[in-house]
1. Could you tell me which of the residues G31, G62, G70 is part of a helix (DSSP H, G or I), out of contact with any helix residue (DSSP H, G or I) (no Cβ under 8 Å at 6 or more places or on another chain), buried (at least 18 other Cβ atoms within 10 Å of the Cβ) and at pLDDT 95 or above?
2. Evaluate the following for A234: is it on the phi < 0 side of the Ramachandran plot, free of Cβ contacts under 8 Å to residues at least 24 places away in the same chain, assigned to a helix (DSSP H, G or I) and among the small types (G, A, S)?
3. Go through the residues of segment 72-80 one by one and say whether even a single one is under 12 Å from the mean Cα position of the chain (by Cα), closer than 30 Å to S251 by Cβ and hydroxyl-bearing (S, T, Y).
4. Does G213 meet the test of being under 25 Å from P165 (Cβ atoms), touching a residue at least 60 places away in the same chain (Cβ under 8 Å) and not in a loop (DSSP other than H, G, I, E, B)?
5. Which of the residues belonging to segment 152-201 are modelled with pLDDT of 95 or more, small (G, A, S) and either closer than 18 Å to A67 by Cα or surrounded by fewer than 16 Cβ atoms within 10 Å (Cβ to Cβ) (or both)?
6. Six or more apart or on different chains, Cβ under 7 Å: which pairs go from a residue in segment 244-264 that's in a helix (DSSP H, G or I) to one that's among the hydroxyl-bearing types (S, T, Y)? Could you list them?
7. Looking at (1) part of a helix (DSSP H, G or I); (2) surrounded by 15 or more Cβ atoms within 10 Å (Cβ to Cβ); (3) of a type outside the set (S, T, Y), can you tell me which one L290 breaks?
8. Evaluate segment 242-262: report whether one residue or more is surrounded by fewer than 20 Cβ atoms within 10 Å (Cβ to Cβ), over 22 Å from F295 (Cβ atoms) and touching a strand residue (DSSP E or B) at 6+ places or on another chain (Cβ under 6 Å).
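The values are calculated or read from the model by the stated rules, or taken from the named source; none is laboratory data. Computed from a predicted model, the values in this text were never measured in an experiment. For neighbour counting, all protein chains shown are included, and Cβ atoms are generated from backbone atoms with ideal geometry for every residue, glycine included.
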Amino acid sequence: MTWSPPPPVRERYWLHALLLGLTLVTTTWTGAMQWLSFQMDFGNVVPRVSLIALALDGLWYGLTILAILGAHELGHYLACRYYGISASLPYFIPLPPLIAMTGTAGAFIRIRQPITTKRALFDIGIAGPLAGFVVAVPALFLGLALSRVVELPPNLNGMFELGEPLLFKAAAWLVWGPLPDHQSINLHPMAFAAWFGLLATALNLLPIGQLDGGHLAYAVFGRNSIWVTRITLAALTSLVIYTSVLLASYSLAVFTAIAAALLFRFGWHHPPTWDEHEPLDQTRLAFAVLALVIFVVCFTPLPLTLIETVQPK
């Protein structure tokens, strides 16, 4: 197996800066809407606030989610630089909140050269989720501390319920303790950004194709990782059918469809490395177990569920 180094690339810094700026606008816009919702405490009275103050309050979410996503992609980028592999700076993807309640579809980097060893593949693959996780966890605890416990209204129809990963549940219990059924945590926008960061980390760690988890699975299992991909996609499909048909929650179905499309676009088999038959060292295998633990505590099968309650006649 041979490859030739690519010609020098002239970075389009203006494009990275433009996408970052646009994503800051869309996430701050999203954060401003979340701030208004936070101030309403599940009620119907919209507080009056100036546009400037609202924009500044929107930064609680906007800056937090950019920090989490940026740390994730910079983890990949710096690992590529460590191994001398050409990679682009992060491309952020802005989305107006009218399209997505997160204000962004995430971020990515372009790796311009083949990754030729399993050690490099593993280190580059795990650097992103670890870096994003390290930023998301303190943001989660601080965001929960800034949140408040409120009484639930009698009618919750039309509201969305967030699926709570195990780490989110544990953090909420540590900050607020057990709550009665008639009370709930009204999430501060920073806490919502941390929730989205945990979910993005978990989805990226799925051992599918060119996702971070797909890189880790190939580094650990070699060519046998194709079976990990197939089993994971089959399990996801079954989970989507269950949550969509029985629980009327379709948020996981969207990501599963995107993951399947990527598989058919780029192929089911991971690009090989030169040392695909050599096992990883014990330290990296331990970090592979850590990545699995992070996935388990950050994943939720029901990211978003529309609340529909039956009202008494």
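1. None of the other options fit; the residue is G70.
2. Against the criterion (on the phi < 0 side of the Ramachandran plot, free of Cβ contacts under 8 Å to residues at least 24 places away in the same chain, assigned to a helix (DSSP H, G or I) and among the small types (G, A, S)), A234 qualifies.
3. Looking through segment 72-80, none of the residues is under 12 Å from the mean Cα position of the chain (by Cα), closer than 30 Å to S251 by Cβ and hydroxyl-bearing (S, T, Y).
4. Spelling it out, G213 is indeed under 25 Å from P165 (Cβ atoms), touching a residue at least 60 places away in the same chain (Cβ under 8 Å) and not in a loop (DSSP other than H, G, I, E, B).
5. Within segment 152-201, A170, A191, A193, A194, G197 meet the criteria.
6. S244/Y250; L252/T243; A253/S244; T256/T237
7. The single condition L290 does not satisfy is (2).
8. no
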